[in-house]
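Let me begin by presenting the structure, written as structure tokens, before commenting on it.
The values are calculated or read from the model by the stated rules, or taken from the named source; none is laboratory data. As the structure is a computational prediction, the values presented were derived from the model and not from experiment. Cβ placement follows ideal geometry from the backbone for every residue including glycine, while neighbour counts extend to all protein chains displayed.
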Amino acid sequence: MIFLDAAATTRVRREVLEAMWPYLTGDFGNPSSHHSLGETAAAALAGARASVAAALGCRPGEVTFTSGGTEADNLAVKGIALARQAANPQLNRVVISAVEHPAVEESARYLERFHGFVVDVVPVDGTGLVAPEALRAVLRPETALVSVMYANNEVGTIQPVAELAAISRHQGIPFHTDAVQAAGWLPLDVKALGIDAMSVSGHKLGAPKGCGVLFVRGRTRLEPLLHGGGQERGRRSGTENVSGAVGIATALTLTQAGQQEQRRRVAALRDTFISAVLTGVPGAVLTGHPSCRLPSVASFCFPGTSGESVLLEVERQGVVCSSGSACAAGSDAPSPVLTALGYDPGVAQTAVRFSFDSAVTAEDLAAAATALRQAVESVRALGIRPG
Ligand code: PLP
């Protein structure tokens, strides 16, 4: 099997599993316990926090471990907006982009349904980019938070996060970015990016599912979502997932070593693959930005097919990919991301995404291009349309 669905999830790296192993076995203590097993676990947690902080260029106290990207996004969007509203009831608007992952979008909608917030959605252009002036146009004195993702999970477009954050912070509005897809490929230095909050998920990086990180800058107010024993400095109660924290810390550190070189290598493979698909498959359309895109994502529409059917056909030939984001997979509904980019819903339903990890090879992608050409041909020959 050629696995080209790394944006959905990745296998756990051996080094990550080895680093986690002691905390799942002999050193299984609860970091809150006052005996030696507890102290060993607390030391591991502190070490993991320090490594994550080094990877993000922040202080350990600014790192909160969560159960994944979804929880990190929920905590950032709801936690910052609610804390700011509590301090100043006039702050009752949140800004998100039109291409956010549901973890951000649904958190904003929750604020709208239950806390009287207005959600302002910044549009994107046909490549998925948020224009700085489009963000400037929606900011209001009542805006409590801006959340714009670093890189998109369906089309791979990379946002000018530093520029957008500067606009938001210039007006005193905290800026959160969902870096779940960017982590592993793009620089995560929170000072250079000038952001106030950032979400990362372990399972996209070679750590297990169920561990994540939220960075929240120093004095940013944050209302916790989980109440209980006050772990994570009161920001996220619940016995800490020590092995998960060690896992995500190890994965983040590993992905940073040699990242530039990997980025260049994989981007070159991606570009060769994109050319092969655009020339080899009649009518293929590349979605997302042609150059400001993750090295690891090549996404297309194949008008006159159905994305789900193409997906099944390529899988029959041993290539695994996705017909959209994992959340939307299985429902043949058009992707809201592609409709936000201006694609007709009928065309959006023909989307297929290939996403790679750093172990991808030229042979894998050549085989995928051939499988894809045959798959699209047979789906078109059968006249299968979305529906
Ligand atoms: N944000 C983005 C951009 C994602 O791609 C994902 C997962 O696909 C998430 C958030 C959710 O992360 P998790 O699966 O760790 O909850």
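Here is a yes/no grid of residues against (1) hydroxyl-bearing (Ser, Thr, Tyr); (2) within 16 Å of the ligand (Cβ to nearest atom); (3) in contact (Cβ under 8 Å) with a residue 60 or more places away in the chain; (4) within 19 Å of CYS292 (Cα to Cα):
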| residue | (1), (2), (3), (4) |
| --- | --- |
| ILE96 | no, yes, no, no |
| HIS101 | no, yes, yes, yes |
| SER107 | yes, yes, no, no |
| TYR110 | yes, yes, no, no |
| PHE117 | no, no, no, no |
| PRO123 | no, no, yes, yes |
| GLY128 | no, yes, yes, yes |
| ALA131 | no, no, no, yes |
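Being buried (at least 20 other Cβ atoms within 10 Å of the Cβ) and within 16 Å of LEU338 (Cβ to Cβ) is the filter here, so list the residues in the range 117-129 that pass it.
Within the range 117-129, the subset buried (at least 20 other Cβ atoms within 10 Å of the Cβ) is 117, 122, 124, 128-129.
If the condition is that a residue be buried (at least 20 other Cβ atoms within 10 Å of the Cβ) and within 16 Å of LEU338 (Cβ to Cβ), then VAL124, GLY128, LEU129 are the ones that fit.
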From LEU294, LEU311, residue being buried (at least 20 other Cβ atoms within 10 Å of the Cβ), within 16 Å of the ligand (Cβ to nearest atom) and farther than 30 Å from LEU37 by Cα: LEU294
Residue within the range 217-227 that is among the hydrophobic types (A, V, I, L, M, F, W, C) and closer than 19 Å to MET149 by Cβ present: no
Pick from the range 64-93, criterion surrounded by fewer than 24 Cβ atoms within 10 Å (Cβ to Cβ) and aliphatic (A, V, I, L, M), ranking: farthest from the ligand (Cβ to nearest atom): ALA87
Qualifying positions in the range 337-373 - touching a residue at least 60 places away in the same chain (Cβ under 8 Å) and more than 15 Å from CYS321 (Cα to Cα): VAL337, LEU338, ALA340, LEU341, GLY342, VAL347, SER358, THR361, ALA362
Number of positions in the range 136-154 that are farther than 17 Å from VAL121 by Cβ and either without any contact (Cβ under 8 Å) to a residue 24 or more places away in the chain or within 12 Å of the ligand (Cβ to nearest atom) (or both): 3
Residue that is nearest to the ligand (Cβ to nearest atom) [pool: residues in the range 1-20 that are among the basic types (Lys, Arg) and farther than 22 Å from HIS101 by Cβ]: ARG13
Matching residues in the range 369-387 - criterion: being within 28 Å of the chain's Cα centre (by Cα) and not in a helix (DSSP H, G or I): PRO386
Number of positions in the range 126-141 that are of a type outside the set (Ser, Thr, Tyr) and touching a Gly at 6+ places or on another chain (Cβ under 8 Å): 2
Pairs where the first residue, in the range 287-310, is under 13 Å from LEU338 (Cβ atoms) and the second is of a type in the set (Lys, Arg) and at pLDDT 95 or above, C-beta under 6 Å, 6+ apart: SER299/ARG353
Elements of type helices (runs of 4 or more DSSP H) contained in the range 272-368, each with 2 or more residues being out of contact with any Leu (no Cβ under 9 Å at 6 or more places or on another chain) and under 26 Å from ALA131 (Cα atoms): 336-340
Selection count where residues are closer than 23 Å to PRO123 by Cα, surrounded by 21 or more Cβ atoms within 10 Å (Cβ to Cβ) and not hydrophobic (A, V, I, L, M, F, W, C), scope the range 339-387: 4
